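Below is one structure, written out as structure tokens, with a few remarks after it.
The values are calculated or read from the model by the stated rules, or taken from the named source; none is laboratory data. Since we're looking at a predicted model, the values are computed, not measured. Positions of Cβ are backbone-derived with ideal geometry, glycine not excepted, and every protein chain shown enters the neighbour counts. Keep in mind that these areas ignore ligands, DNA and RNA; they rest on the heavy atoms of the full protein, side chains included. Shrake-Rupley method; radii C 1.70, N 1.55, O 1.52, S 1.80 Å.
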Amino acid sequence: MRQDYTHITVILDRTGSMESIRDDMIGGFNTFLKNQKTEPETATLTLVQFDTQDPYEVIHRFKPIGEVPELNRETYVPRASTPLLDALGRGINDIEKSLTELKEEERPSKVIVIVVTDGQENSSREFRKEQIEKMIREKTEKNAWQFVFLSADLAAIGDAMSVGIHADAVLLFEKSHKGSAGAWASLSKQTSGYR
């Protein structure tokens, strides 16, 4: 494993309720991306967007962070409902598969999974809460993956903790420009510290 290499996966809710903070999500992600590009260590980024029309759309997979383009209003379009558990389950499996395709000496020593949502699970079909809890626990304990959950919904925060995401890795933000900007800034600082 490469000690100087971190892989970051961002699982970004693009359901209809995100429309009111669409520009804030775009700006927050872009600021996070800009900050992470300045870090000296190697990093790759996977960006996934999810909704019921496409529960797991991979926008970038293990792309060198310096090559990841910013989001804009054409590449982030809120719509539909929230299959949060499906997005998380598929995300964990996808990262695992991508890691096995790398030679041992090329694999990142650190993996961060960031989930950004404004609401609760309401439409998953593939994964159940118990499965996700088991997957997160296994990845956290055996592989030292970090899971971070940003949400504008207090009940969704409870959901995150109930599937095993640690309380200090859960950030509640106000559904406003200031709230979103603060959450992304805090996330960037935490990520930089971890890297």
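Counting the residues of region 135-148 that are surrounded by fewer than 19 Cβ atoms within 10 Å (Cβ to Cβ), basic (Lys, Arg) and touching a residue at least 24 places away in the same chain (Cβ under 8 Å) gives 1.
Please work out if Ala167 is open to solvent by 20 Å² or more (accessible area, probe 1.4 Å) and not acidic (Asp, Glu). It would help to see each step written out before you state the result.
On the way: open to solvent by 20 Å² or more (accessible area, probe 1.4 Å): yes; not acidic (Asp, Glu): yes.
Criteria met by Ala167.
Scanning region 137-171 for residues that are in contact with a strand residue (DSSP E or B) (Cβ under 6 Å, 6 or more places away or on another chain) and within 27 Å of Ile65 (Cα to Cα) yields Trp145, Gln146, Phe147, Val148, Phe149, Leu150, Ser151, Ala160, Ile165, Ala169, Val170, Leu171.
Condition first: open to solvent by 10 Å² or more (accessible area, probe 1.4 Å) and touching a residue at least 24 places away in the same chain (Cβ under 8 Å). Now tell me which residues in region 122-132 satisfy that. So that I can check it myself, show each step before the final result.
Of region 122-132, the ones open to solvent by 10 Å² or more (accessible area, probe 1.4 Å) are 122-131.
Scanning region 122-132 gives Asn122, Ser123, Ser124, Arg125, Glu126, Phe127, Arg128, Lys129, Gln131.
Only one residue in Asp4, Asp54 is open to solvent by 30 Å² or more (accessible area, probe 1.4 Å) and over 23 Å from Asp118 (Cα atoms), so which one is that? On inspection, the qualifying residue turns out to be Asp4. The residue of region 170-195 that is surrounded by the most Cβ atoms within 10 Å (Cβ to Cβ), among those that are within 21 Å of Arg14 (Cβ to Cβ) and aromatic (Phe, Trp, Tyr), is Trp184.
Would you tally the residues in region 67-102 being assigned to a helix (DSSP H, G or I) and either open to solvent by less than 60 Å² (accessible area, probe 1.4 Å) or closer than 19 Å to Gly28 by Cβ (or both)?
Taking region 67-102 first, the residues assigned to a helix (DSSP H, G or I) are 67, 84-100.
Next, only the ones that are either open to solvent by less than 60 Å² (accessible area, probe 1.4 Å) or closer than 19 Å to Gly28 by Cβ (or both) stay: 84-89, 91-92, 94-95, 98-99.
Number of matching residues: 12.
Do we have any residue at all in region 105-121 that's open to solvent by 70 Å² or more (accessible area, probe 1.4 Å) and of a type in the set (Lys, Arg)? Within region 105-121 (the criterion being open to solvent by 70 Å² or more (accessible area, probe 1.4 Å) and of a type in the set (Lys, Arg)), the answer is no, since none of the residues qualifies.
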